[in-house]
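Undergrad: Below you'll find the structure I mean.
The values are calculated or read from the model by the stated rules, or taken from the named source; none is laboratory data. Computed from a predicted structure; not experimentally measured. Note that we place each Cβ from the backbone using ideal geometry, even for glycine, and neighbour counts take in every protein chain shown.
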Amino acid sequence: MALHPPPAGNTPDPNAQSIGPLELFIAFSQLALSGFGGVLPWAHRALVERRGWLTQREFVETLALGQLLPGPNIGNMAVMIGYRFAGYAGAAAAVAGLVSGPFAIMLALGLLYRSYGELPLVQHALSGMSAVAAGLVLATGAKMTGSMKRRLRPWLFTGLALVGVGALRWPLLAVVGALAPFAIAAAWREEA
Amino acid sequence: MDDADFPGLGLHFALLSLMAIGGVSSILPGMQRYLVDVNHWMSSTQFANAYALGQAAPGPNMMFVTLLGLQIGGLAGAIVTTLAVVCPPVLLTLAVTRLSANNPDTHLGRAVRGGLGPIAIGLTLSSGWILSQSSDHDWRGAVLTLATVMLMLRTRLNPVWLIAVGAIAGMSGIL
């Protein structure tokens, strides 16, 4: 499949390959269901390497914007990519593809948990899995600190969020609501 | 759980989803607080189990919210929590894509990213901390958690293998 030159900006390109809602639904269903342990690497493989819908640069730019916005990064990417190729219907199809297969799997897992979750063997397995999952989240947070500047300001806000939400168990919405204006204002002045 | 609480559940998760900068892991403490501490719909162990099961299955990391909803409110609960976490960010992303997709690198964009990024990191670390408190009942669990952190930072292993190792370690009675 031929790669198209990146169009200016992220606006839908009328000359792009004819990728409709159905193709988007199928592509995002496939990549969601192959993605054990996070979907992002599979998204790259499916969208850039196999289908050639996006160039490497477009993928990275879409990811960056998806990370800036709240919510699951891959969900935000699905919206942007779906919208770019097929408008609102494309965005809806991409998100539906991303979510519906895993939703069914989660229902099945949940019913199994309800039936067998009390068995001692299952309890033991789950406690081991939970200890590992806690480590995965901690490692994600630790990796994210690698992108931080060696300055007091960002570390101060990281520390305040950690103390408020992690140690003191204050409500997350209140902590973020109180910190965010100061954090953005401080970053605004540093960027200026 | 009382059916009348679905709107409250949906609204709370929807608000949290708009705070999920850097991924849904950053809002785990808000979900745990609401479901476990405030409403007592599940224990902190059940919460940690649901999160771990969600990471063991294929699909986006956020799908553990389906399990949370299923556990407290059956199929309707699963639909409520899933839609509440998926829809608000989707709509916001659509709006941003429509309005300013041509130039994400504005001064305001950089300030928002630079300001909220460190908060998101603090929230994500809080999530891991709270999960480990619910999961690590003694020093052996803590060792497993720490070993996972070290392996994730030093290797490129797929996390699913580590979850499998955790399941085996738990079943074999090491924990």
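Undergrad: Just a yes or no: is a residue in segment A:26-43 crowded, with 24+ Cβ neighbours inside 10 Å, away from chain B (no Cβ under 12 Å) and of a type in the set (A, V, I, L, M, F, W, C)?
TA: Looking for residues that are crowded, with 24+ Cβ neighbours inside 10 Å, away from chain B (no Cβ under 12 Å) and of a type in the set (A, V, I, L, M, F, W, C), one finds at least one in segment A:26-43, hence yes.
Undergrad: Another one. Among the residues of segment A:127-136, is any surrounded by fewer than 16 Cβ atoms within 10 Å (Cβ to Cβ) and of a type outside the set (Gly, Ala, Ser)? Steps first, please.
TA: So in segment A:127-136, the residues surrounded by fewer than 16 Cβ atoms within 10 Å (Cβ to Cβ) come out as none.
So far as segment A:127-136 goes, no, none of its residues is surrounded by fewer than 16 Cβ atoms within 10 Å (Cβ to Cβ) and of a type outside the set (Gly, Ala, Ser).
Undergrad: Scan segment A:84-94 and give yes if some residue there is crowded, with 18+ Cβ neighbours inside 10 Å, farther than 15 Å from residue B:126 by Cβ, touching a Leu at 6+ places or on another chain (Cβ under 7 Å) and not assigned by TED's automatic domain parsing to the domain that holds residue A:26, otherwise no. Walk me through how you get there before you give the answer.
TA: Kept after step one, since they are crowded, with 18+ Cβ neighbours inside 10 Å, are these residues of segment A:84-94: A:84-86, A:90-94.
Now drop any that are not farther than 15 Å from residue B:126 by Cβ, which leaves A:84-86, A:90-94.
This time we only want the ones that are touching a Leu at 6+ places or on another chain (Cβ under 7 Å), so: A:85-86, A:90-91, A:93-94.
From the residues that got through so far, the ones that are not assigned by TED's automatic domain parsing to the domain that holds residue A:26 too are none.
Within segment A:84-94, none of the residues are crowded, with 18+ Cβ neighbours inside 10 Å, farther than 15 Å from residue B:126 by Cβ, touching a Leu at 6+ places or on another chain (Cβ under 7 Å) and not assigned by TED's automatic domain parsing to the domain that holds residue A:26.
Residue-by-condition table, conditions (1) touching a residue at least 12 places away in the same chain (Cβ under 8 Å); (2) over 20 Å from the mean Cα position of the chain (by Cα); (3) under 12 Å from residue A:132 (Cβ atoms); (4) crowded, with 24+ Cβ neighbours inside 10 Å:
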{"site": "B:118", "(1), (2), (3), (4)": "no, no, no, yes"}
{"site": "B:127", "(1), (2), (3), (4)": "yes, no, no, yes"}
{"site": "B:145", "(1), (2), (3), (4)": "yes, no, yes, yes"}
{"site": "B:159", "(1), (2), (3), (4)": "yes, no, yes, no"}
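Undergrad: Right, another one. Identify the residue in segment A:53-77 that is among the aliphatic types (A, V, I, L, M), within 8 Å of another protein chain (Cβ to nearest Cβ) and crowded, with 19+ Cβ neighbours inside 10 Å and, among all such residues, is nearest to residue A:99 (Cα to Cα).
TA: First pass over segment A:53-77, keeping only residues among the aliphatic types (A, V, I, L, M): A:54, A:60, A:63-65, A:68-69, A:74, A:77.
Those still in the list that are within 8 Å of another protein chain (Cβ to nearest Cβ) too: A:64-65, A:68-69, A:74.
Right, trim to crowded, with 19+ Cβ neighbours inside 10 Å and you get A:65, A:68-69, A:74.
Values: A:65: 20, A:68: 21, A:69: 18, A:74: 10 Å.
Looking at the filtered set, the residue picked out is A:74.
Undergrad: Shifting gears a bit: Looking only at residues in segment B:129-143 that are of a type in the set (Gly, Ala, Ser) and within 17 Å of residue B:64 (Cβ to Cβ), which one is surrounded by the fewest Cβ atoms within 10 Å (Cβ to Cβ)?
TA: Here is the first cut: in segment B:129-143, the residues of a type in the set (Gly, Ala, Ser) are B:132, B:134-135, B:141-142.
Subsequent filtering for residues that are within 17 Å of residue B:64 (Cβ to Cβ) retains B:132, B:134-135.
Numbers: B:132: 24, B:134: 21, B:135: 30.
Restricting to residues being of a type in the set (Gly, Ala, Ser) and within 17 Å of residue B:64 (Cβ to Cβ), the top hit is B:134.
Undergrad: Scan segment B:26-48 and report the pairs whose first residue is on the phi < 0 side of the Ramachandran plot and whose second residue is hydroxyl-bearing (Ser, Thr, Tyr) and not in a helix (DSSP H, G or I), with Cβ atoms within less than 8 Å and a gap of 6+ or a chain change.
TA: From residues that are on the phi < 0 side of the Ramachandran plot, the pairs are B:36/B:43.
Undergrad: Shifting gears a bit: Can you confirm whether segment B:60-79 contains a residue that is within 28 Å of residue B:158 (Cα to Cα), free of Cβ contacts under 8 Å to residues at least 12 places away in the same chain, among the small types (Gly, Ala, Ser) and surrounded by 22 or more Cβ atoms within 10 Å (Cβ to Cβ)?
TA: No, segment B:60-79 has no match at all.
Undergrad: Does residue B:94 count as modelled with pLDDT of 90 or more and touching a Phe, Trp or Tyr at 6+ places or on another chain (Cβ under 8 Å)?
TA: On the way: modelled with pLDDT of 90 or more: yes; touching a Phe, Trp or Tyr at 6+ places or on another chain (Cβ under 8 Å): yes.
The answer is yes for residue B:94.
Okay, residues lined up against (1) at pLDDT 95 or above; (2) more than 7 Å from chain B (Cβ to nearest Cβ):
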position	(1), (2)
A:84	no, yes
A:94	yes, yes
A:99	yes, no
A:111	no, yes
A:135	no, no
A:150	no, yes
A:173	no, no
A:187	no, no
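Per-residue answers, yes or no, for (1) within 17 Å of the chain's Cα centre (by Cα); (2) not small (Gly, Ala, Ser):
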position: A:86; (1), (2): no, no
position: A:90; (1), (2): no, no
position: A:101; (1), (2): yes, no
position: A:105; (1), (2): no, yes
position: A:120; (1), (2): no, yes
